[in-house]
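The values are calculated or read from the model by the stated rules, or taken from the named source; none is laboratory data. Computed from a predicted structure; not experimentally measured. For neighbour counting, all protein chains shown are included, and Cβ atoms are generated from backbone atoms with ideal geometry for every residue, glycine included. Surface areas here come from the heavy atoms of the whole protein model, side chains and all, with no ligands, DNA or RNA. Shrake-Rupley method; radii C 1.70, N 1.55, O 1.52, S 1.80 Å.
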Amino acid sequence: MPRRAARWILPIGALATLLLGAAGATAQGRERPDPNGPRGEMRGGPGGRNRSDFGPPTDALLRRVFEASRTLRWQGEVRLVMEREGDRFESIERVQRDGTRARIEVVKDPRRQGQITYEIGERRFIFYRKANTLRPGVMRGAGWTFLRFVPPGQSLKWESGPRLAGLPTQTAAIRDSSGEERGRVWVAPAQNFLMRMEFTAPDGRMRMAYEVRRVQFNPRFEAGTFELPKNARMLSGIEDLFNASRQAQVPPYVLPMDAGYRLSVVRVAPLAGRSGYRAAFDHTDGVVSLWVVKGQEPVRVQSGGKDTSGRIVNVYVWRENGNTLILVAARTPEALKALAEQVRPINPRGPGPRERRPVDGRRNPPPSRV
């Protein structure tokens, strides 16, 4: 099966747009990104760091915030605004945190009302009350996770900021590699605590906002606050994959789990009117996103820049059985091509991805050529 590789270079904050279009326009490079198309966030650190263990900021104050976040005890209310895959949501959350343990309850969000997130060390679980289910999730962290939006090596120019939640703050602008302001951060220096952060895309669109509206330090937590609900049914990312596959009417594909790829998040994500989904896989070398889109029309990638760790993000595109598959990661084109050979479909009614039998003597046969 013929394959085509393309380089995808992301700007600060790792904003990217994929566009599927006609062959003629693709060849001549005339398309424009669909403003309503999906946008993906690439995360992960260099040198084998995963998303929950990226390098601390270079800036002295932010470094203190980073280090304190692992030990601070606090509870309060947080406002969170995020945009991902073209979907924007805003929520109010009640946070209870004891260092690397946390209980985060959504108190205002029409789609996630009552959802509770538990963070235990380096693991994260999402509890759905109505269904009484627990689902593994992507690690968010104690607010310092959002510091990854600050480009590596950047020292900030701090100035006096307003009082937030009753605490004096210092504030500084976040700039991209060209010096353009892309956001702002507010820190309570006496507590080394991240109070607020905003990040905007180059087109001025708000990409993320995090704000602590109320905070109490060193509270007394009730017994069992950070314990997972008993008798809840534990779900897996594979179930999400099967559900997304059915909705998008494309086959479920996985990366080689025996090579350390762990399925973390799956979202139905149409591209330019074509159904599809995006699956994110955690790995010690950083996150890899796999897009599976219905149809074989040409794919063109339009973007520029690097991920938040300064690494070039590339894309590898190929077609299989009437569908288009896209790998996105901070890997070399050669590494993505090699990984694409290990991507395989799984049968929802058959053995799981770890139990799939070899075909022609190979555990992960390459896609058939068409």
| request: Count, please, the residues in region 309-343 that happen to be touching a strand residue (DSSP E or B) at 6+ places or on another chain (Cβ under 8 Å), within 13 Å of K294 (Cα to Cα) and among the charged types (D, E, K, R). | output: 1
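With respect to R207, determine if the residue is in contact (Cβ under 8 Å) with a residue 40 or more places away in the chain, in contact with a Gly (Cβ under 9 Å, 6 or more places away or on another chain) and open to solvent by less than 70 Å² (accessible area, probe 1.4 Å).
Yes; evaluated as a whole, the condition is true for this residue.
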| message | Quick check on my filter: what residues within region 322-357 are in a loop (DSSP other than H, G, I, E, B), more than 25 Å from S236 (Cα to Cα) and at pLDDT 90 or above? | response | G322
| note | When (1) of a type in the set (S, T, Y); (2) surrounded by 18 or more Cβ atoms within 10 Å (Cβ to Cβ); (3) under 26 Å from M82 (Cα atoms) are applied to Y253, the one that fails is (3)
| query | With respect to R103, is the statement that it is within 21 Å of V265 (Cα to Cα), among the basic types (K, R) and touching a residue at least 60 places away in the same chain (Cβ under 8 Å) true? | reply | yes
| field | Top-ranked residue of region 189-234 - restricted to ones that are small (G, A, S) and in a loop (DSSP other than H, G, I, E, B), ranked as farthest from Y128 (Cα to Cα) | value | A190
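Could you run through region 169-188 and say how many residues are in a loop (DSSP other than H, G, I, E, B) and either exposed (fewer than 15 other Cβ atoms within 10 Å of the Cβ) or free of Cβ contacts under 8 Å to residues at least 12 places away in the same chain (or both)?
Residues in region 169-188 being in a loop (DSSP other than H, G, I, E, B) and either exposed (fewer than 15 other Cβ atoms within 10 Å of the Cβ) or free of Cβ contacts under 8 Å to residues at least 12 places away in the same chain (or both): 4 in total.
Out of M197, M234, M257, report the one residue that is within 30 Å of W158 (Cβ to Cβ) and of a type in the set (A, V, I, L, M). Write out each step before concluding.
Details: M234 fails: within 30 Å of W158 (Cβ to Cβ); M257 fails: within 30 Å of W158 (Cβ to Cβ).
Among M197, M234, M257, only M197 is within 30 Å of W158 (Cβ to Cβ) and of a type in the set (A, V, I, L, M).
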| message | I'd like the full set of residues that are closer than 22 Å to Y128 by Cα and either assigned to a helix (DSSP H, G or I) or touching a Leu at 6+ places or on another chain (Cβ under 7 Å) (or both), limited to region 247-273. | response | Q247, L263, V266
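Go through F66, F89 for me and flag whichever is loosely packed, with under 15 Cβ neighbours inside 10 Å and farther than 14 Å from E119 by Cα.
F89
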| task | Write out, first by first residue and then by second, each pair whose Cβ atoms fall under 8 Å of each other, whose residues are 6+ apart or on separate chains, and whose first residue, in region 224-241, is on the phi > 0 side of the Ramachandran plot and touching a residue at least 40 places away in the same chain (Cβ under 8 Å) while the second is exposed (fewer than 14 other Cβ atoms within 10 Å of the Cβ) and part of a loop (DSSP other than H, G, I, E, B). | result | N231/N132
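Kindly evaluate L271 against the criterion of being buried (at least 21 other Cβ atoms within 10 Å of the Cβ) and out of contact with any helix residue (DSSP H, G or I) (no Cβ under 9 Å at 6 or more places or on another chain).
So L271 fits the description; yes.
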| note | Note on region 212-250: residues open to solvent by less than 40 Å² (accessible area, probe 1.4 Å), under 23 Å from the mean Cα position of the chain (by Cα) and of a type outside the set (S, T, Y) are V212, L235, G237, I238, D240, L241, F242, A244, A248, V250
